[in-house]
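A.B. asks: One structure, as structure tokens, below. Some questions next.
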Amino acid sequence: MTAERRGVLQVAGAALLWSLGGIGIKAIAEPPLKIAAYRSATAAVALFLLFRPKLTGRGPGFFAASACYAACLTTFVVATKWTTAANAIFLQYSGVVWVFLLAPLVVGEPRRARDAAAIGVALAGMTLFFVGKFEARAHAGDAVAVVSGVFYAGLVLLLRRERGTSAEAAVTCGNVLLVAALAPVLVRDPGLDARSALILILLGTVQITAAYAFFLRGLHHVSATEAALIGMIEPIANPLWVLLFLGEVPSRFALAGGAVVLGAIAWRTLGAPAAPAPAVAAPD
């Protein structure tokens, strides 16, 4: 197996773990911001134990990646509360377009026609996936979801640029920043029942910590655009967990859309190989 194929599998594994968030969050009867704060608090502890990052001597890219991480997760939770889940997910993953456009500037990776085609087909598949679920009335929530997509793009690009111990430290610090930003929420309402606490621990350790361990390793071997495209497995895998655990059957449109997204990703990653992602010197 080539290093690039290994990287593809690692990023895909991260996306599958991220997708567990939907079923986990749905099982907790707590406000979204409270869930986000406790989930990131658990993740911050787990990431510190896993990576043991050094936070001193870091450059601007590290701080920007940490801020993008905290802002991406927070704005996505807010968007999900203010608009439909379908709108929030679709608009956030439109961030893959920003990754494609900004990759030459941020990480020195060229734009490729194969990437553009795969992104276009995947976004079309996601549109099909969410047929009947989009709403046009929640303009504020949709605007926040678009902003979340910009932060998502910044996170992918900056983690690719900072990959290595700097990226590990940035993700860890990003969770700390998120908890600090949402601390007032926990101060007002700190209580959790045992079931919710257990689910949040699992979300923090598996859905965030384990997922980012895979994602950061995968970023060593795939380009930022390819990583963002593979990450689109997350929204189409989410209903599969709902089917397995709650018995909710996806619509035929959803199944068709999911097949289109997976086909686009497979065509990009398993078809004629693109030129290797250029090496970007890690700051550490």
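The values are calculated or read from the model by the stated rules, or taken from the named source; none is laboratory data. This structure is a prediction, so every number in the text was calculated from the model and none was measured. Glycine gets a Cβ as well: all are built from the backbone with ideal geometry, and neighbour counts include every protein chain shown. SASA here: full protein model, heavy atoms, side chains in, ligands and nucleic acids out. Shrake-Rupley method; radii C 1.70, N 1.55, O 1.52, S 1.80 Å.
A.B. asks: For Trp18, what accessible area in Å² do you get when you roll a 1.4 Å probe over the heavy atoms of the protein chains, rounding to the nearest 10?
C.D. replies: Accessible area, nearest 10 Å²: 20 Å².
A.B. asks: Right, here's the next one. How big is segment 44-88 on each of its three principal axes, counting only the C-alpha atoms and giving the largest first in Å?
C.D. replies: For segment 44-88, the Cα spread along each principal axis is 40, 24, 11 Å.
A.B. asks: Hey, another quick one. For segment 166-186 and segment 88-160, what is the separation of their C-alpha centers, rounded to whole Å?
C.D. replies: Here the two parts' Cα centres lie 23 Å apart.
A.B. asks: Then there's this: In Å², and per residue, what accessible area does the chain have when probed at 1.4 Å with the other protein chains present?
C.D. replies: Computed with neighbouring chains in place, this is 44 Å² per residue.
A.B. asks: Let me ask you something else. Roughly how far apart, in whole Å, are the Cα centres of segment 242-265 and segment 2-62?
C.D. replies: The two parts, judged by their Cα centres, are 24 Å apart.
A.B. asks: Let me ask something additional. How charged is the neighbourhood of Tyr69? Take every other residue with its Cβ under 15 Å from the Cβ of Tyr69, and add Lys/Arg as +1 and Asp/Glu as -1.
C.D. replies: +3
A.B. asks: Taking the convex hull of the alpha carbon atoms in segment 145-263, what volume per residue do you get, in Å³?
C.D. replies: Looking at segment 145-263, the number lands at 147 Å³ per residue.
A.B. asks: Largest first, please: the extent of the C-alpha atoms of segment 1-142 along each principal axis, to the nearest Å.
C.D. replies: Rounded to whole Å, the extents work out to 46, 42, 32 Å.
A.B. asks: Let me ask something additional. Run through segment 74-172 and list the trypsin sites (Lys or Arg not before Pro) located in a DSSP loop whose Cβ has at most 13 other Cβ atoms within 10 Å.
C.D. replies: Sparse-neighbourhood loop trypsin sites (Lys or Arg not before Pro): Arg111, Arg137.
A.B. asks: Which of Ala43, Ala67, Ala124 ends up with the largest GNM mean-square fluctuation for the chain, with Cα atoms connected below 10 Å?
C.D. replies: Ala124
A.B. asks: How large is the accessible surface of Leu255 in square angstrom, using a 1.4 angstrom probe and rounding to the nearest 10?
C.D. replies: 100 Å²
A.B. asks: Oh, and also: Over the Cα atoms of segment 182-238, Rg to Rh with Kirkwood Rh, two decimal places?
C.D. replies: 1.14
A.B. asks: Grab the other residues whose beta carbon is less than 12 angstrom from that of Ile25, score K and R as +1, D and E as -1, and report the net.
C.D. replies: +3
A.B. asks: I would also like to ask the following. Can you compute log10 of I(q)/I(0) for the chain with the Debye formula, treating each Cα as one identical point scatterer, at q = 0.13 Å⁻¹?
C.D. replies: Listed by q, the Debye log ratios stand at -0.85.
A.B. asks: Separate question: Could you tally the net charge around Val179, taking each other residue with its Cβ under 14 Å from the Cβ of Val179, Lys/Arg +1 and Asp/Glu -1?
C.D. replies: Charge balance near Val179 sits at +2.
A.B. asks: Next question, about the same structure. Out of residues 5 or more away from His221 or on other chains, whose amide H comes under 5 Å of its own, with H placed 1.01 Å from N in the peptide plane?
C.D. replies: none
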